[in-house]
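Undergrad: The following block contains the structure, expressed as structure tokens.
Every number in this text was worked out from the coordinates using simple rules, so none of it is lab data. What you see is a predicted model, and the numbers here were worked out from it, not measured in a lab. Backbone-built Cβ (ideal geometry, glycine too); neighbour counts: all protein chains shown.
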Amino acid sequence: MTTVALKDVTKVFPDGTVAVDNVSLDVNDGEFMVLLGPSGCGKSTVLRMVAGLEDPTTGAILLDGELANDLPPRDRRIAMVFQDFALYPHMTVGDNIGFPLRLSGVEQGPRGERVADVASALGIGDVLARKPSQLSGGQRQRVAMGRAIVRRPGLFLMDEPLSNLDSGLRAELRAEISGLVRELGVSTIYVTHDQAEALTMADRVAIMRKGVLQDVGTPTQVYGRPATLYVAAFLGSPRMNLLEASVYVHLDRYVALNLGEQALYLPWDDIRARAVAHYHGERIVIGMRAEALTPVAPGTPGDVLQGRIRYLEHHGHESLAFLDIGATAIMVDDLGGPVTETANGSGRFRRFGHVMQRLTGRGSTDA
Ligand code: ATP
């Protein structure tokens with residue numbers, strides 16, 4: 001219905017704050033794009049520029065391929081949903097949802113029908129006569145959604161729409177919102193600092209840090225193949241293990257990654273060996289997800305990482321093992337016996353098979 005393109009967009013506020021720094025981003029027709037990043041990274045400013053509530057300092061914003069920098073907000077066919085719902089307290093739910101239609105002159109009859117359709121799609125058909133103060137937080141958010149979709153906009157802009165709700169309701173509504181938006185086929189830009197929300201709802205995620213776009217891709221791409229060390233460390237819980245290693249190429253045999261007192265050996269037929277070979281003699285950072293580290297019995301032959309478990313953190317069906325080599329592994333509880341033994345201080349070493357998700361150069365991971 002609508003495509004959005006940001007071309008080299010920068011926003012500098014009058015006090016000199018560079019809120020958005022040379023961002024280029026495309027949102028395809030019908031795509032659910034999530035802007036993710038910590039507080040203050042510039043997500044809302046991007047959204048407000050797309051809405052026309054803020055002018056870019058430099059760069060271009062295109063809607064459906066047309067330059068929209070000077071297009072007034074009301075001509076952008078955009079609907080916005082904010083975290084504070086912003087419902088009119090004196091109006092009923094039905095009147096709140098139908099308000100944008102009334103503004104654009106739709107007659108009462110067709111307006112009522114459209115409101116009833118939208119309300120039933122959102123599961124709030126039975127509260128149309130109530131006032132917002134008589135609703136739960138989740139119902140209020142559905143009314144805000146209803147008011148946004150009633151006019152069949154070309155683009156949804158949502159700024160942390162779930163952040164005022166409790167966690168159970170958030171999970172429920174995030175499935176509901178992404179399902180509804182996909183059904184409607186409306187392009188959406190959704191801002192959040194919650195990575196679970198981003199990874200579960202998005203077609204693609206755009207990750208920002210200090211005004212700069214770090215990575216854009218499907219949830220699987222940004223999680224599995226992060227473009228920068230920052231993204232590698234930011235996404236995922238527990239945080240990705242990032243270990244420094246020196247690379248030594250032993251021609252025709254293998255590539256060794258020296259990690260202090262131990263080494264990992266990658267045979268040449270392993271594609272990861274070829275990926276790091278050109279860093280011969282250099283120090284690099286290797287990234288390994290905790291779930292990619294599998295415990296193996298002591299004495300298991302082959303390529304293993306070895307570490308002493310400093311402590312275990314139990315999470316029901318699995319435990320996180322924090323190792324003295326600066327890495328975290330996930331251990332499933334049916335491996336319980338020996339793991340517990342070690343945690344009790346028997347001092348036994350455990351050995352870990354390694355899987356490297358990605359190998360990157362140097363960079364900073366601080367927020
Ligand atoms: P949050 O998740 O906390 O809303 P955000 O990622 O959406 O954060 P923005 O609201 O876009 O971040 O703000 C980006 C930066 O621009 C911040 O440093 C913020 O303080 C600054 N900023 C926002 N609005 C203004 C303004 N009107 N004048 C000056 N600086 C501003």
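Undergrad: Evaluate the distance, in nm, between pseudo-label points positioned 7 Å from the Cα of Leu67 and of Arg130 along their respective Cα→Cβ axes.
TA: 5.0
Undergrad: Could you pull the Cα extents of segment 23-75 along its three principal axes, largest to smallest, in whole Å?
TA: Answer, in whole Å and largest first: 30, 26, 20 Å.
Undergrad: Using amide H atoms built in the peptide plane, which far-off residues or other-chain residues are under 5 Å from Val20 H to H?
TA: Those lying under 5 Å, H to H, from Val20 are Lys11.
Undergrad: Out of all Cα-Cα pairs in segment 166-249, roughly what percent, to the nearest whole number, are more than 17 Å apart?
TA: Across segment 166-249, Cα pairs with separations above 17 Å total 55 percent.
Undergrad: Across the chain, where is the longest run that never hits GluC sites (Glu not before Pro) in a DSSP loop with at most 11 other C-beta atoms within 10 Å?
TA: That would be 108-260.
Undergrad: Please give the residues of segment 129-161, grouped as numeric ranges, whose backbone N is less than 17 Å from a label point set 7 Å along the Cα-to-Cβ vector of Tyr88.
TA: Only 129-134, 143-151 fall inside the zone, counting backbone N under 17 Å.
Undergrad: Given a 10 angstrom Cα cut-off, can you work out which residue in Gly37, Gly211, Gly316 is the most mobile in a GNM of the chain?
TA: Maximum among the listed residues: Gly316.
Undergrad: Also, quick follow-up: Could you identify which residue out of Ser44, Ser187, Ser133 has the top mean-square fluctuation in a GNM of the chain using Cα springs shorter than 10 Å?
TA: Sorting by GNM fluctuation, first place goes to Ser133.
Undergrad: Hey, another quick one. How large is the charge dipole for the chain, taken about the Cα centre, if only the Cβ atoms of Lys, Arg (+1) and Asp, Glu (-1) carry charge, to the nearest 20 debye?
TA: 220
Undergrad: Right, here's the next one. Compare Asp324, Asp95, Asp29 in a GNM of the chain, Cα atoms joined below 10 Å, and give the one with the largest fluctuation.
TA: Asp324
Undergrad: So what is the orientation-averaged projected area of the chain, using the convex hull of its C-alpha atoms, in nm²?
TA: Seen from a random direction, the Cα hull of the chain projects 23.3 nm² on average.
Undergrad: Cα to Cα, under 20 Å, and not fewer than 8 places away if on the same chain: which aspartates and glutamates meet these conditions relative to Lys210?
TA: Asp8, Asp15, Asp21, Asp26, Glu54, Asp55, Asp159, Glu160, Asp194, Asp366
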